[in-house]
Amino acid sequence: MTHLAPLIMILPLAGFLFVLLNGRSLGNRSVGVIATGVVGLSFLASVLTFVQVLHDHSREVTVNLFTWISVDTLHVPAAILVDPLSITMSLFVTGISTLIHWYSTAYMEGEKDFRKFFLYLNLFVFSMLTLVLANNLVLTFVGWEGVGVCSYWLVSYYFDRDAAASAGKKAFIYNRVGDVGLLVAMFLLFTHTHTLTYLGVFSSTSLLSPTVATLVVLALLLAATGKSAQIPLFNWLPDAMEGPTPVSALIHAATMVTAGVYLLVRMSPVLALSSSGRMSIAIIGGVTAFVAATIATAQKDIKKVLAFSTVSQIGYMVLAVGVGAYGAAIFLMVSHAFFKALLFLGSGSVIHSLGGEQDMRKMGGLARWLPLTFPTFLIGWLTISGVPPFAGFWSKGDVLTNVFTHNKPLWVLGVLTAILTAYYMSRLFVLTFRGSERFREVTHQHDPHESPVAMTVPLLILAVLSVFGGVLDLPWAHGFSLTHFLAPTFGYVAPSAAQSTTLQTGLALVDVAAAAIGLFAAFTIWRNRVESATFEKPFFEHVWHWDDAYDATLARPLATAAQFSSDVVEERVIDGAVEGLGGSVRRSGEGIRKLQAGMVRQYALAMVLGATVIVVYLVGRVR
Amino acid sequence: MLATTYAIPDVLVFVSAAVMILVGAVGVIAMTNPVHSALSLILSLLGVAVAFLEQSADFLAAVEIIVYAGAIVVLFLFVIMFLGVDKSKHPHVEPLVGQRWFAGLGVAITVAGVIYLMANSHWVSGVLSASTGGTALATGAGNVTQLGDSVFTTYLLAFEATAGLLIIAVVGAVLLARRERTAEVDDVDDDVEETAADAGRFDEDVASQEVES
Amino acid sequence: MTIPVSWFLVLAAVLFGVGAFGVLTRRSALIMFMCIELMLNAVNLTFVTFARTMSDIGGQTTVFFIMVVAAAEVTVGLGIVVAVFRRRSSTSVDELSELQG
């Protein structure tokens with residue numbers, strides 16, 4: 001029955017090709033139905049494959065599609081690896097994608113490039129599934145680049161806006177920097193293990209010396225920081241919010257940005273070889289989570305807050321990977337996909353109702369106008385804030401418990417981040433749905449309207465998932481949890497100190513306290529305020545001046561160098577050489593031209609003199 | 001000294017041939033009137049024919065006189081008369097600077113060098129070579145037979161090729177020298193135009209009549 | 001004893017030199033053609049001389065072909081001269097310098 005697995009990938013591709021080839025004859029409605037339908041079927045295939053995996057004896061099945069590259073010792077099949085990790089990933093990728101496709105059919109209604117949008121979206125889903133299901137690094141890289149380019153197209157979807165176009169370029173270039181890391185990791189692995197399939201690499205980890213392993217892990221970390229928007233490559237993600245909101249929800253919150261985390265988890269057997277590498281990962285993750293959370297406290301754009309919140313949450317995931325809690329990382333990834341998609345789609349609904357307004361200062365008091373968006377958003381807000389019994393509480397608690405047993409300072413950082421998370425999300429919630437109605441100016445005194453069914457139903461489904469997502473991995477449900485299901489996939493990690501129930505309860509209480517502090521502070525401060533110089537530090541609002549630093553250290557010197565090349569090297573050296581050569585040839589040609597006088601007797605004389613020279617030479621030889 | 005070494009008649013024939021050849025040749029390049037040049041050329045060619053005779057090439061000597069002195073030089077004269085270029089306009093003004101000096105020097109050095117090379121080469125020492133394996137030359141009528149044999153057997157392909165060459169040359173010469181009938185063509189064109197104009201006039205007349213009716 | 005080979009060869013060389021000098025110095029295309037005929041005859045003379053020396057009829061056969069080719073060449077060459085003269089009323093080669101660089 002594993003032959004269903006290729007269908008997961010092929011269906012979105014088929015949808016993409018079908019719409020691409022027949023799109024002009026299809027109406028917008030049929031394009032939306034087809035695009036959503038193929039992804040829905042792909043989800044169905046994932047579910048069936050999942051059931052299959054649950055009942056199989058072998059939980060690692062490779063499905064060979066065809067031989068892709070076979071050169072000397074490099075053999076790369078186009079093959080699918082079906083194991084608990086990949087099937088979990090494809091389940092939530094296809095599931096969330098289906099909901100967001102459905103949502104988009106309503107949200108994108110009336111856009112002039114409706115068809116193009118769904119083309120890219122389908123192609124994105126195909127690429128993401130390629131990334132997830134591939135059984136080797138090369139095929140994963142194909143998907144990795146595929147999601148990157150789809151992200152570029154979708155971020156710059158409104159390409160006639162300067163901000164969108166440059167945001168797309170920024171995302172693309174930051175991702176390229178990260179890609180170098182993945183390539184270097186692949187080169188290193190191939191040099192030392194002569195294989196690039198995951199199972200092949202894992203079975204020959206003994207060939208990797210500690211130094212090489214650390215280098216590979218650091219290269220993978222670079223790749224992950226690029227794709228998953230971690231320090232130092234995190235600041236493309238907020239700019240990527242220039243894309244349509246469903247794109248932000250699907251690509252820049254739920255799925256693509258988790259690819260880096262997935263890669264790290266997938267390569268966990270290699271991570272197990274290098275404790276210093278894992279330490280770097282943990283530090284990067286923890287620091288990113290904290291930094292992004294501080295920035296989120298001072299943003300005024302509703303989508304920017306959510307973007308930095310995404311960076312922060314992925315920081316948690318990376319932190320979990322760093323301390324070896326792979327199950328916790330995936331658990332958080334899945335639940336994050338639920339509640340962050342919910343929040344983004346909810347914000348999309350808000351923006352939709354206000355005719356495109358994203359500034360929170362011009363919102364407020366929307367609770368009574370959006371009867372479906374408001375309660376679902378409320379659930380999303382409580383979930384991300386870590387309030388029990390929603391999914392966020394369990395998943396974040398899982399991560400923090402694991403971090404506590406490994407590294408106390410990072411745990412403190414994590415708890416601080418949790419306080420900040422609750423704070424900035426509550427601020428967003430209060431500014432958007434509570435307080436006075438400040439949107440009249442934007443809507444021209446009209447009342448905001450609730451979004452159509454196609455947008456609210458996905459919200460409801462995601463809200464339900466956010467509420468009950470925690471049951472995937474309850475701390476006391478050993479043997480029947482996500483972590484247990486995934487465990488065979490992970491590399492060996494030194495077992496941590498036993499987590500007693502007392503400790504777990506205590507840490508859970510700390511988490512609840514952190515959430516409570518954040519909520520309370522936000523409500524106190526923002527109930528009667530719209531903006532505040534005290535609590536919205538310009539330093540945070542300007543992203544710790546991170547872009548300025550890159551501008552000063554990299555962009556400007558490079559621009560100067562490029563200007564120098566263009567003005568001096570190009571004009572003087574290259575043009576000088578080329579034109580000098582051409583000029584000298586022309587001048588010498590003009591000189592030689594005079595020899596061709598058209599006088600036939602001169603030519604004859606030249607022949608005779610040539611004969612003379614030959615005869616004189618011969619005479620000289622005879623002597 | 002000559003008498004002691006060589007038979008007197010032979011020497012006399014050679015000297016007279018050489019004198020004819022060189023005097024004729026110098027005459028060709030020295031005469032200002034092209035007709036005189038052509039006549040000098042005949043003298044030179046007759047000398048060559050004598051030199052051929054002295055070396056037992058009877059048939060070639062005859063052909064030399066008939067084809068060269070007869071046909072070719074007559075063709076030259078014909079063209080000279082036909083074009084009316086009896087005198088070159090400025091025979092002694094040389095527009096190319098140093099052309100004569102360089103030409104004289106180059107030719108003199110080359111000829112002297114070639115003669116010097118001959119004097120130092122075994123293949124012109126006058127000794128008959130026995131190693132060529134060629135047919136010994138007969139004298140008199142036998143020579144013509146030999147030549148005929150050679151042309152129509154060994155060199156048959158070349159002979160056929162020259163036949164083609166002559167045909168092409170004749171066609172080419174006819175094409176080149178043909179008087180361009182531009183004037184006649186113009187006349188014809190004019191006639192045609194006139195006719196066309198007449199026809200047009202006629203059409204107009206018809207058309208106007210139709211309109212009137 | 002017959003006349004030695006070298007006499008004829010020297011004679012031919014001098015004839016060739018005179019012809020070449022004429023080609024280089026005379027401007028009339030007609031005279032240049034005549035000089036070329038002189039040079040051809042010089043070559044013919046050497047061929048006949050070597051045919052005698054080498055006892056090989058091939059030399060004489062070659063002369064026969066040279067004469068044919070010379071006749072063809074003169075025919076076409078004079079045709080060209082006539083055609084050129086029609087256009088320019090001159091046989092001077094110095095005026096035919098359109099192909100200069």
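The values are calculated or read from the model by the stated rules, or taken from the named source; none is laboratory data. Keep in mind that this is a model prediction, so the values were computed, not measured. Cβ atoms come from the backbone with ideal geometry, glycine included; neighbour counts cover every protein chain shown. For the accessible areas, the whole protein counts, side chains as well, though only heavy atoms, and no ligand, DNA or RNA atoms are used. Shrake-Rupley method; radii C 1.70, N 1.55, O 1.52, S 1.80 Å.
Remarks
- Taken over the range A:100-137, the residue count meeting the criterion of being open to solvent by 20 Å² or more (accessible area, probe 1.4 Å) and in a helix (DSSP H, G or I) is 8.
- A single entry from A:G380, A:G356, A:G364 fulfils the requirement of being modelled with pLDDT under 90, open to solvent by less than 10 Å² (accessible area, probe 1.4 Å) and touching a helix residue (DSSP H, G or I) at 6+ places or on another chain (Cβ under 9 Å): A:G364.
- Of the residues C:L40, C:L9, the single one that is within 7 Å of chain B (Cβ to nearest Cβ), in a helix (DSSP H, G or I) and under 19 Å from the mean Cα position of the chain (by Cα) is C:L9.
- Residue in the range B:116-142 that is modelled with the highest pLDDT, counting only those that are within 8 Å of chain C (Cβ to nearest Cβ) and open to solvent by less than 60 Å² (accessible area, probe 1.4 Å): B:M118
- So A:G348, is it open to solvent by less than 30 Å² (accessible area, probe 1.4 Å) and farther than 26 Å from A:A282 by Cβ: yes
- Whichever residue in the range B:150-164 is surrounded by fewer than 17 Cβ atoms within 10 Å (Cβ to Cβ) and of a type outside the set (V, I, T) and, among such residues, is nearest to the other protein chains (Cβ to nearest Cβ): B:A158
- Scope the range C:70-80; condition open to solvent by 10 Å² or more (accessible area, probe 1.4 Å) and facing chain B (nearest Cβ under 7 Å); matching residues: C:A71, C:T75, C:V76, C:I80
- For the range B:96-115, the candidate set comprises residues that are more than 9 Å from chain C (Cβ to nearest Cβ) and within 22 Å of A:Q596 (Cα to Cα); within that set, the residue that is modelled with the highest pLDDT is B:W101.
- Considered as a group, the residues in the range C:14-29 that are under 12 Å from the mean Cα position of the chain (by Cα) and touching a residue at least 24 places away in the same chain (Cβ under 8 Å) include one that is least open to solvent (accessible area, probe 1.4 Å), and that residue is C:L15.
- Lone unmet requirement of (1) within 24 Å of C:V63 (Cβ to Cβ); (2) open to solvent by less than 40 Å² (accessible area, probe 1.4 Å); (3) within 10 Å of another protein chain (Cβ to nearest Cβ); (4) modelled with pLDDT of 85 or more for B:F59: (2)
- Residue match in the range A:488-497 (condition: assigned to a loop (DSSP other than H, G, I, E, B), more than 33 Å from the chain's Cα centre (by Cα) and modelled with pLDDT under 85): yes
- Residue in the range C:52-60 that is out of contact with any Gly (no Cβ under 9 Å at 6 or more places or on another chain), more than 30 Å from A:G591 (Cα to Cα) and facing another protein chain (nearest Cβ under 7 Å) present: yes
- Matching helices (runs of 4 or more DSSP H) fully within the range A:515-623 where at least 2 residues are within 14 Å of chain C (Cβ to nearest Cβ) and exposed (fewer than 12 other Cβ atoms within 10 Å of the Cβ): A:575-593
- Inter-residue pairs, beta-carbon under 6 Å, first in contact (Cβ under 8 Å) with a residue 12 or more places away in the chain and more than 7 Å from chain A (Cβ to nearest Cβ) and in the range C:82-101, second assigned to a loop (DSSP other than H, G, I, E, B) and hydrophobic (A, V, I, L, M, F, W, C), 6+ apart: C:T91/B:V85
- Subset of the range A:193-239 (residues that are open to solvent by less than 20 Å² (accessible area, probe 1.4 Å), in contact with a Lys or Arg (Cβ under 9 Å, 6 or more places away or on another chain), part of a helix (DSSP H, G or I) and more than 17 Å from A:S274 (Cα to Cα)): A:Y198, A:G226, A:W236, A:P238
- In the range B:74-88, the residue that is modelled with the highest pLDDT out of those that are over 13 Å from B:M31 (Cα atoms) and part of a loop (DSSP other than H, G, I, E, B) is B:G84.
- Qualifying positions in the range A:413-447 - assigned to a loop (DSSP other than H, G, I, E, B) and open to solvent by 10 Å² or more (accessible area, probe 1.4 Å): A:R434, A:G435, A:S436, A:E437, A:R438, A:H444, A:Q445, A:H446, A:D447
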